[in-house]
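The values are calculated or read from the model by the stated rules, or taken from the named source; none is laboratory data. Computed from a predicted structure; not experimentally measured. FYI the Cβ positions are ideal-geometry reconstructions off the backbone, even for glycines, and counts take in every protein chain you see. To get the accessible areas, we keep the full protein, side chains included, count just its heavy atoms, and leave off ligands, DNA and RNA. Shrake-Rupley method; radii C 1.70, N 1.55, O 1.52, S 1.80 Å.
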Amino acid sequence: MTHDHDLVLRPTEAQTAAALAAPPGRTGGDLVVETLRSLGATTVFGLPGQHALGLFDAVGRSDLRLVTLRVENNAGFAADAYGRITGEAAPLLLSTGPGALTALPALAEAAAASAPVLAISSQVPVAGLGGGRRGHLHELRDQAASFRDVVKSVHEARTASQIPSVVAEAWESALTAPHGPVWVEIPEDVLRSETIIPPVTGTDATPHELAPRPELTAVAAHWLSRASRPVIIAGGGVVRSDASGKLRQLAERLNAPVVTTFGGKGAFPWTHPLSLQSWLEDRHMTDFLEDADVLLVVGSGLGELSSNYHTFFPTGRIVQIDADLGKLESNHPALGIHADARLALQALLETVTERQDDHAPERVRLVLEDIAARLADQDLALEQSLLTSIRAALPARSPSFWDMTILSYWAWSAFDAKHPNTMHSAQGAGGLGYAFPAALGACVAGPDTPVLAVSGDGGAMYSLAELATARQHDLDVTWLIVDDGGYGILREYMTDAFEGRTTGTELTRPDFVALAESFGVPAATTTPESLTADLKKALATPGPSVLVLPATLRMFAPTHL
């Protein structure tokens, strides 16, 4: 009698032949590469270091595309963007100690934004692990401990035979909802030593689907179908699960207005009659959301930015759908549904009844008019015109990446992303320097589409080294640097909070145009009046380019204070 498990364990003739024909000289690094290739990886990011040389040598002998950046943190941002754009796990190769630790802020951003990054780091030789303290260069007492509280999961291989399973396990973790960065650690001597393990020819790392519990979606559908004033808050989970089409169907069936969070930009059409756009930092919107008798929150934890800095206190019922179990009811009591947004929205579509409400579009129009009137009293025409100019110049399908800078904070609320998964920022963890290296990673993911990066001069200083990367790989990224001579938003915050005093906000900076040109990257100074034309020209010209806009911008007045 033959059992199923006997069939699984018995190798095929082809697999046996391949194992017997395994070439000599293969190393642990080759096992990493072979596993990545068997999982479908085609591109890796990173930069070499002493302990990781065995891994990079194996990459160099493979058909993987290696995109080397100049700083590990920037390599992490590039991998983050590649993962966001493709939905694939982006391998990030790092060396031990300082190299690995330098990538921590990028991994924190990937974790906050649920970007699938597969960080693979070397470690000191096996003899120096477990408290051996042999004094190896780059040695840390517990390297993985530095990442355990940041990444989604930590995986360690200590022998060559463990590598394929460990890498596959990490890959599956990164791509199981909620997506996120994962950490793999392999000692230097394991990466460099020859192995008798045959080439990796097949690896199964299929992500688990996270379906909603039907009794929960039944209750949610009952509430929504009978609601008087339902409203939907669509977060980044809608974008990541490719559920914008289902979101629109549900909103139209329920006649429910939709506001997107800053991470959910593009999840719902900006000009749709039910679109509240993204004006979450406004008291008029906060009041509108608080008035909902049923609030459907999809793919958002209603954190600080999505709740107008925790001044949002809903009065009706809340249905919260999120793939991250820890975010359910983390800020407000709700009917929490632990599920992927796409699967949960599909379940609701199958169970809600159509709801008539001829007044919903009018209510949307009135609240947007109130917001526009508030802005009109603040002399902010320059800031609004810049966003209009960028939108006019940027192709609808081109991704844009925004650093933590005043123009980006405007874009969170006021920029029409046109399509889902085309506007990204560092609003997850809030670190500086994200935009340009992330745009480079997005360009690697979609080389036929020009990409825009937007930074302030302060944030740009974090990423200048990657002008060399852009030129080396001839990446079609236009970098817009808004130069106001310092950390503009911090200057504004300190001026308001400390009787006009600012400390550490004013910066000496380079001639960005001359600096870019020294890397062989075309650059020019632009003005608010010429921005649309200059951006169109730069985006239409293949290869990297830089535009510098000298301007001092202001934020709209907050309503949460």
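In the chain, with Lys and Arg counted as +1 and Asp and Glu as -1 at Cβ, which of these residues, 276, 533, 399, has the Cα nearest the positive end of the dipole, that is, farthest along it?
My answer, from the dipole projection, is 399.
In Å², and per residue, what accessible area does region 345-487 have when probed at 1.4 Å with the other protein chains present? Don't skip to the end; give the middle numbers.
Values: 4810 Å² over 143 residues.
Heavy-atom accessible area per residue stands at 34 Å².
Which whole-number value in Å² is the accessible area per residue of region 239-326, probe 1.4 Å? Write out the running numbers ahead of the final one.
On the way: 2780 Å² over 88 residues.
Value for region 239-326: 32 Å² per residue.
Please report, in whole Å, how far the alpha carbons of the chain spread along each principal axis, starting with the longest.
Principal extents (Cα only, largest first): 74, 68, 44 Å.
On C-alpha positions alone, give me the angle between the axis of helix 28-39 and the longest principal axis of the chain, in degrees, nearest 10.
It is inclined by approximately 50 degrees.
Given the -39500 (n - 2.57) contribution per DSSP H run of 4+ residues, what per-residue ellipticity at 222 nm results for the chain, rounded to the nearest 500 deg cm²/dmol?
Values: 24 runs with 221 residues, N = 561.
Using -39500 (n - 2.57) per qualifying helix, the result is -11000 deg cm²/dmol.
How big is the charge dipole of the chain about its Cα centre, in debye rounded to the nearest 20, if each Lys and Arg gets +1 on its Cβ and each Asp and Glu gets -1 on its Cβ? Numbers along the way, then the final one.
Values: 40 positive and 64 negative charges, 83 e Å.
That gives the chain a dipole magnitude of about 400 debye.
Let's see if you can work this out: charge +1 on each Lys and Arg Cβ, -1 on each Asp and Glu Cβ, no other charges. What is the dipole magnitude of region 140-278 about its Cα centre, in debye to the nearest 20? Show your work: numbers first, answer last.
Details: 13 positive and 14 negative charges, 204 e Å.
Once rounded to the nearest 20, the dipole reads 980 debye.
Antiparallel as a % of all DSSP beta bridges within the chain, to the nearest 5?
If we restrict to bridges inside the chain, about 5 percent are antiparallel.
About its Cα centre, what dipole magnitude does region 43-105 give when the only charges are +1 on Lys and Arg Cβ and -1 on Asp and Glu Cβ, stated in debye to the nearest 20?
Numbers: 4 positive and 5 negative charges, 17 e Å.
Charge dipole of region 43-105: 80 debye, to the nearest 20.
Quick one: how many Å² of residue 136 are accessible to a 1.4 Å probe, rounded to 10?
Surface accessible to solvent at residue 136 totals approximately 60 Å².
Given q = 0.26 Å⁻¹, what are the Debye log10 I(q)/I(0) values for region 235-281, with equal point scatterers placed on the Cα positions and solvent ignored?
-0.93
Mind checking which of 453, 482, 502 is farthest towards the positive end of region 430-505's charge dipole, using Cβ charges of +1 (Lys, Arg) and -1 (Asp, Glu) about the Cα centre?
Sorting the options by dipole projection puts first 502.
Select from region 348-456 those GluC sites (Glu not before Pro) which occupy a DSSP coil region and have at most 10 other Cβ atoms within 10 Å, ordered by residue number.
Taking region 348-456 and a limit of 10 other Cβ atoms within 10 Å, the loop GluC sites (Glu not before Pro) found are 354.
Could you compute Rg(Cα) / (2.2 N^0.38 Å) for region 251-395, with N its residue count? Kindly include the intermediate steps, with their values, before the conclusion.
Details: Rg = 16.1 Å, N = 145, 2.2 N^0.38 = 14.6 Å.
Normalised Rg, Cα atoms only: 1.11.
Quick one: if the Förster radius is 22 Å, what FRET efficiency do residue 146 and residue 66 give, using the C-beta to C-beta distance and rounding to 0.05? Write down the numbers at each step before the final one.
Working: r = 25 Å, r/R0 = 1.14.
The computed FRET efficiency comes out at 0.30.
In Å², and per residue, what accessible area does region 497-561 have when probed at 1.4 Å with the other protein chains present? Don't skip to the end; give the middle numbers.
Details: 3680 Å² over 65 residues.
Averaged over the residues of region 497-561, the accessible area is 57 Å².
Rounded to a whole number of µm²/s, how large is the Stokes-Einstein D of region 195-245 at 20 °C and 1.002 mPa s, given Rh as the Kirkwood radius over C-alpha pairs? Present the calculation step by step, with values, prior to reporting the outcome.
Working: Rh = 15.5 Å.
Here the translational diffusion coefficient equals 139 µm²/s.
From the C-alpha gyration tensor of region 59-174, pull out the three semi-axes of the equivalent ellipsoid (sqrt of 5λ each), sorted largest to smallest, in whole Å.
With the √(5λ) rule applied to region 59-174, the semi-axes are 23, 16, 15 Å.
Tell me the carbon and sulfur percent of the accessible area for the chain, rounded to whole percent, probe radius 1.4 Å.
Carbon and sulfur: 53 percent of the exposed surface of the chain.
For region 55-126, what does the alpha-carbon gyration tensor say about shape, rounded, prolate or oblate, given a ≥ b ≥ c as the root eigenvalues, a/c under 1.5 as rounded, and a/b over b/c as prolate?
Numbers: a/c = 1.91, a/b = 1.20, b/c = 1.59.
In terms of gyration-tensor shape, oblate.
Obtain the nm distance between the two label points defined at residue 524 and residue 228 by a simple spin-label model: each point lies 7 Å from its Cα along the Cα-to-C-beta direction.
For residue 524 paired with residue 228, the spin-label model returns 5.8 nm.
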